[in-house]
Amino acid sequence: MSRIGKKPVLIPAGVEATVAGSVVTVKGPKGTITVPTNPVVTVTMEAEPKALVVDVKNQESPGDKALWGLTRQLLANAVDGVQKPFEKTLEFVGIGFRVSVVGRDVNMEVGFSHPVMFHLPDGVEANVDKQFLTISGIEKQAVGEVAAQIRRVRPPEPYKGKGIRLTTETVRRKAGKTAAKAGAK
């Protein structure tokens, strides 16, 4: 039995959820998210307390248990996202590293001979505060994917720590060649 899957997804006031076949639509003050579900999983709406209940046909199958927990968590993320958008903050570390948002494009100057432009997909917003870029949106997966793609432009390097990193990330630093030589004697 899936520990995550068996917990119901509570629906707070101000959020509506509708189940239509294998599609669950969640509406809230920040927007609407549609979550498709696998045919193995059944989602039902409970009246008191207002909640979505996820169940599977075969609770002993490892594949079905995985889909059970996954579906429940995707629905929980949708309910959370339509109330308060998800955010990820990226830090630009390096001399001359700059970031700006122009319309739907993120303009990054990160040590290349040219600026790098990244177009933001629909449903994802970006704000700049000095060396920090905050990505926000109602879909957790989209926010994480955009943050990962921007980080991939210039990942942090282990010697000086220059690059684009998440603020929650710790970069493991290495000693340079001179420190290695001094220790070898």
Tally up the residues in region 1-42 that are in contact (Cβ under 8 Å) with a residue 60 or more places away in the chain and in contact with an Asp or Glu (Cβ under 7 Å, 6 or more places away or on another chain), please.
1
Quick check on region 84-91. Is at least one of its residues farther than 30 Å from ALA126 by Cβ, assigned to a strand (DSSP E or B) and at pLDDT 90 or above?
no
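Taking region 64-114, which residues are of a type in the set (Val, Ile, Thr) and touching a Gly at 6+ places or on another chain (Cβ under 9 Å)? Before the answer, list the steps.
First pass over region 64-114, keeping only residues of a type in the set (Val, Ile, Thr): 71, 79, 82, 89, 93, 95, 99, 101-102, 106, 110.
Result: THR71, VAL79, VAL82, VAL93, ILE95, VAL110.
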Just one listed residue, out of ASP55, ASP64, is modelled with pLDDT under 95, among the acidic types (Asp, Glu) and part of a helix (DSSP H, G or I), and it is ASP64
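Just checking, how many residues over region 19-52 are part of a strand (DSSP E or B), loosely packed, with under 13 Cβ neighbours inside 10 Å and over 24 Å from the mean Cα position of the chain (by Cα)? Spell out the reasoning first.
Just the residues of region 19-52 that are part of a strand (DSSP E or B), to begin with: 19-20, 23-28, 31-36, 41-46, 51-52.
Next cut, loosely packed, with under 13 Cβ neighbours inside 10 Å only: 20, 23, 32, 34, 36, 44.
Going one step further and asking which of them are over 24 Å from the mean Cα position of the chain (by Cα), we end up with 20, 44.
So the count comes out to 2.
Would you mind finding the one in GLY81, GLY111, GLY69, GLY96 that is at positive phi and either in contact with a Phe, Trp or Tyr (Cβ under 9 Å, 6 or more places away or on another chain) or part of a helix (DSSP H, G or I) (or both)?
Values: GLY81 fails: at positive phi; GLY69 fails: at positive phi; GLY96 fails: either in contact with a Phe, Trp or Tyr (Cβ under 9 Å, 6 or more places away or on another chain) or part of a helix (DSSP H, G or I) (or both).
Residue meeting the stated conditions: GLY111.
Does region 40-62 hold any residues that are in contact with a helix residue (DSSP H, G or I) (Cβ under 6 Å, 6 or more places away or on another chain) and not aliphatic (A, V, I, L, M), and which are they? I'd like the intermediate steps shown before the answer.
Step one: of region 40-62, the residues in contact with a helix residue (DSSP H, G or I) (Cβ under 6 Å, 6 or more places away or on another chain) are 40-41, 52, 54, 56, 58.
Once the filter is applied, which keeps residues that are in contact with a helix residue (DSSP H, G or I) (Cβ under 6 Å, 6 or more places away or on another chain) and not aliphatic (A, V, I, L, M), region 40-62 yields only ASN58.
The values are calculated or read from the model by the stated rules, or taken from the named source; none is laboratory data. Values in this document were obtained by computation on a predicted structure and should not be read as measured data. Positions of Cβ are backbone-derived with ideal geometry, glycine not excepted, and every protein chain shown enters the neighbour counts.
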